[in-house]
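The values are calculated or read from the model by the stated rules, or taken from the named source; none is laboratory data. Please read all numbers here as calculations on a predicted model, not as lab measurements. Here the Cβ is made from the backbone with ideal geometry for all residues, glycine too, and neighbour counts use every protein chain on show. Ligands, DNA and RNA are stripped out before the accessible areas are found, and what is left, the full protein with its side chains, is counted by its heavy atoms. Shrake-Rupley method; radii C 1.70, N 1.55, O 1.52, S 1.80 Å.
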Number of protein chains: 2
Amino acid sequence: MEEDNKYHAHTSADGAEFTHCHEEGQPHAHKNTKVVLNRLSRAIGHLESVKRMVSEGRDCSEVLVQLSAVISALNSTGKVIIKDHIENCIVEAVESGDRKAIDDLNHAIDRFIK
Amino acid sequence: MEEDNKYHAHTSADGAEFTHCHEEGQPHAHKNTKVVLNRLSRAIGHLESVKRMVSEGRDCSEVLVQLSAVISALNSTGKVIIKDHIENCIVEAVESGDRKAIDDLNHAIDRFIK
């Protein structure tokens, strides 16, 4: 029964069901959740400055270099999320035979790595 | 003299000089500047929602799929910027023999396309 509590279904705002691994009553936090949140905040700030550059009419090549930096930062943030997910949820999922978590990750990786 | 006005140097907030192509007194706007600004705004909103998903503890695979969507959107925004730049500044730069604009674009593309 305790095992069941780790992988329970949720319904998101759009009505889709999703599952994730956490102890009952605990938020789904990984070791690097704070790192991921900080990186996303920085990327948002960086993107705001790219937008400002475009509206100020700054040189396109300069805008592209900054946009590339944001994309690289988001790619490496994605890698942190994948590694954290593997360390936490996937190891637990394999141990408890939860095939869906593995299929979901493979699907996400297919989309993430082009 | 009119040709000189099109490519004049500016000094950005950080003190770096940059050049861009526009008629004197006109902002450096391309055909798709508004499209680019709208796409950047949407990407910022989307990234805010990814951040919310992470802080709410939503499933990592779901977060990754949304993060991939933001990265794809930024990549295609970069393509719009490159194409617009080629249509406008680069055509003018070639016509006026401005080698720097071409070198700058090549450098930016090197960073953008990995």
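Residue count for segment B:5-56, restricted to those that are open to solvent by 40 Å² or more (accessible area, probe 1.4 Å), among the hydroxyl-bearing types (Ser, Thr, Tyr) and modelled with pLDDT of 50 or more: 2.
For segment A:53-68, the set of residues classified as at the interface with chain B (Cβ under 7 Å from one of its Cβ atoms) and within 14 Å of B:Thr77 (Cα to Cα) consists of A:Val54, A:Cys60, A:Ser61, A:Val63, A:Leu64, A:Val65, A:Leu67, A:Ser68, listed by residue number. Taking the residues in segment A:57-73 that are more than 15 Å from B:Asp84 (Cα to Cα) and among the hydroxyl-bearing types (Ser, Thr, Tyr) as candidates, determine which candidate is surrounded by the fewest Cβ atoms within 10 Å (Cβ to Cβ). That would be A:Ser72.
Filter segment B:89-114 down to residues that are among the β-branched types (Val, Ile, Thr) and open to solvent by 70 Å² or more (accessible area, probe 1.4 Å) and give me whichever is nearest to the other protein chains (Cβ to nearest Cβ).
Pass one, segment B:89-114, residues among the β-branched types (Val, Ile, Thr): B:90-91, B:94, B:102, B:109, B:113.
Those left that are additionally open to solvent by 70 Å² or more (accessible area, probe 1.4 Å): B:94, B:113.
Numbers: B:Val94: 15, B:Ile113: 9 Å.
The selected residue is B:Ile113.
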